[in-house]
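**Student:** Attaching a single structure in structure tokens format; questions to follow.
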Amino acid sequence: MGKDCDHHHHSSCCECSVCSDHSTLLTIAWVVGAFVLVVLLVVFITWLVLRPTKPIFYLKDATVYQFNLSLSDNILSTVLQATVSSHNPNSRIGVSYDRASVYVTYQNQQITLPTSIPPLYQGHHDINVWSPYLYGASVPVAPSICGSLQQDEAAGYLLLYLKIDGMVRWKVGTWTSGHYHLEVTCPAFFSFDSTSNGVAVVRFQRMSPCSVSV
């Protein structure tokens, strides 16, 4: 009978020990979960208060140095320089441009190679201006594109799109966000003013705002 009591007492102690360990694990889990929740809540509230506004882009100028279309083999050669400004409208948030490239399209076809813009940090309310050269040497284009270019030249106008594709990060104090995909589209209006030695002279018409997606 005494042995049975000793065995029962030993079993009760083991059960109490298991319950104590389980309770400790639950307490640790609750503490960790509460800490993570508080951190996420602070980050969320900070994000709502600051709420970064995407940068504002303008195409200020563009100069076409070469725009030659070869109808015999549907080849287009383009050289132009574009001047783009970027404004950070945020008063407490900086923008890090980690990667960005610029290229030109005509009717959704890319007609120049991407030109990289050096990485930079844009502070509060800062304005940065880029003037990259864009090259497209002997770019094959579809016959329909050639026909549209001929029609545009006959009409005396040309609409190209300058595109910027990149990755940015928001910076608040010592905190830096993850990467966000930046897409900028700027309409570039040109006119065919005259012809010099059989080559059309293309002139930029006016500064235009760009659409921005982050």
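**Student:** Share of the range 56-207's accessible area from carbon and sulfur, percent, 1.4 Å?
**Tutor:** Accessible surface attributable to carbon and sulfur in the range 56-207 totals 51 percent.
**Student:** Express the accessible area of the range 77-199 per residue in Å², computed with a 1.4 Å probe while the remaining protein chains stay in the model. Intermediate values should be presented prior to the final figure.
**Tutor:** Details: 5930 Å² over 123 residues.
With all protein chains present, the range 77-199 gives 48 Å² per residue.
The values are calculated or read from the model by the stated rules, or taken from the named source; none is laboratory data. Everything numeric here is computed off the predicted structure, so don't read it as measured data. Quick note on the areas: whole protein, heavy atoms, side chains included, nothing else; ligands and nucleic acids left out. Shrake-Rupley method; radii C 1.70, N 1.55, O 1.52, S 1.80 Å.
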